[in-house]
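Input: a single structure, listed below in structure tokens.
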Amino acid sequence: MKLLRSIVLSFVCCTLAQAATLHTDDFQSGPAIDWFGGSSPTYVATGGPAGDGDAFLQISAPSDNNLATYNPDARWTGSFTAIGAVAVTVDMMAPPLPAGDFDNSSVVDANDLDDPTKGWKTRFGADLDGSNFLAWQRDLGQSGGSIALPVRLVVMGPSSINIHWASVNPQLVPNDGVWRHYTFSMAASDLVLTTPFVSASYTDLMSSVSRIMLRYDPGDPTDRGSGVQGPRGVLNLDNIRLAGAGSASSAALAIPEPSSVLLSFLGLLGVLAGSRYGLTQLFFRGRRPGPAGS
Ligand SMILES: [Ca+2]
Ligand SMILES: [Ca+2]
Ligand SMILES: [Ca+2]
């Protein structure tokens with residue numbers, strides 16, 4: 001009984017430990033999300049990459065505001081080296097601006113006809129024609145959509161959220177409403193320390209990650225990110241995965257909640273305790289000959 005209690009306690013300890021895990025955030029467990037930031041992280045119940053019933057995370061920001069989201073939870077922090085995490089993979093999509101939004105304001109209104117430089121009247125016969133006017137009529141009153149979004153992974157550490165490493169190159173999310181799968185490598189050659197006046201080692205970073213973030217950041221990597229260079233940025237994200245070597249580009253792997261893992265394990269213990277060989281067989285397999293067929 002003492003052995004059983006210590007096994008259960010150690011399992012609870014390991015299950016709830018403050019440590020990174022290879023896992024996928026698929027947002028299927030309901031609207032309680034633990035992704036944060038000033039870009040209004042919002043749970044959307046349907047319309048993810050798998051279509052109806054596939055929930056996802058949406059962030060949005062108006063012109064000149066940063067567009068980013070981060071997760072401080074233990075499953076995203078700690079030693080990525082210890083678990084072999086080498087990449088963050090994610091499905092992303094940016095919705096298109098309305099076709100009649102000629103002045104890129106993210107709203108279709110009279111200004112799209114009258115703007116002295118971007119309006120339809122000025123551009124008629126140049127790059128706009130009658131079909132564009134019909135699009136304006138159709139979209140009048142619509143709003144929303146996004147510009148195309150260059151996105152970087154930001155990894156913070158070692159042991160500090162004030163030391164930032166960013167993807168050397170951004171990955172472009174076109175504003176065409178199409179979900180695509182992206183892989184952000186965390187190899188040393190794919191991350192650059194962006195925080196000035198700081199000395200930090202990549203090896204230390206990967207053994208003590210404090211936070212990860214996905215962020216709009218066009219051009220060169222910018223330590224604090226950049227404001228949206230257009231009327232509006234809207235980024236949809238799903239299946240955000242901390243991936244190990246060899247699995248970075250494979251399909252999303254859903255990890256059960258810790259409570260369900262624990263229940264399963266306790267159920268296994270119950271079965272073993274009631275079996276002929278019980279726990280002894282479980283823990284001494286391989287150390288001494290077991291019964292035939294084991
Ligand atoms: Ca989902
Ligand atoms: Ca407009
Ligand atoms: Ca930049």
Check your understanding: Within the range 42-62, is even one residue at pLDDT below 95, surrounded by fewer than 17 Cβ atoms within 10 Å (Cβ to Cβ) and assigned by TED's automatic domain parsing to the domain that holds Asp238?
Key -> yes
Exercise for review: Please enumerate the residues belonging to the range 187-224 that are of a type in the set (Val, Ile, Thr), surrounded by fewer than 22 Cβ atoms within 10 Å (Cβ to Cβ) and under 28 Å from Leu235 (Cα atoms).
Suggested key: Val192, Thr194, Thr195, Thr222
Review point. Picking from Leu214, Leu191, which residue would you name as being aliphatic (A, V, I, L, M), in contact with a strand residue (DSSP E or B) (Cβ under 9 Å, 6 or more places away or on another chain) and either within 16 Å of ligand 1 (Cβ to nearest atom) or not assigned by TED's automatic domain parsing to the domain that holds Phe80 (or both)?
Key: Leu214
Check your understanding: Can you name the number of the only condition in (1) touching a Ser or Thr at 6+ places or on another chain (Cβ under 8 Å); (2) crowded, with 17+ Cβ neighbours inside 10 Å; (3) within 30 Å of Gln229 (Cα to Cα) that Phe36 fails?
Key -> (2)
Point to revise | Qualifying residues in the range 72-85 (those that are within 14 Å of Asp25 (Cα to Cα), in a helix (DSSP H, G or I) and in contact (Cβ under 8 Å) with a residue 60 or more places away in the chain) - the one farthest from ligand 3 (Cβ to nearest atom) | key: Arg75
Practice item. For Leu67, state whether it is within 16 Å of ligand 3 (Cβ to nearest atom) and either crowded, with 17+ Cβ neighbours inside 10 Å or within 27 Å of the chain's Cα centre (by Cα) (or both). Key: yes
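Of the residues Gly144, Gly225, Gly230, which is over 19 Å from the mean Cα position of the chain (by Cα), under 23 Å from Ile33 (Cβ atoms) and of a type outside the set (Val, Ile, Thr)?
On inspection, the qualifying residue turns out to be Gly144.
The values are calculated or read from the model by the stated rules, or taken from the named source; none is laboratory data. The structure displayed is predicted, hence computed values, not measured ones. Ideal geometry is used to build each Cβ from the backbone, glycine not excepted, and the neighbour counts take in all protein chains shown.
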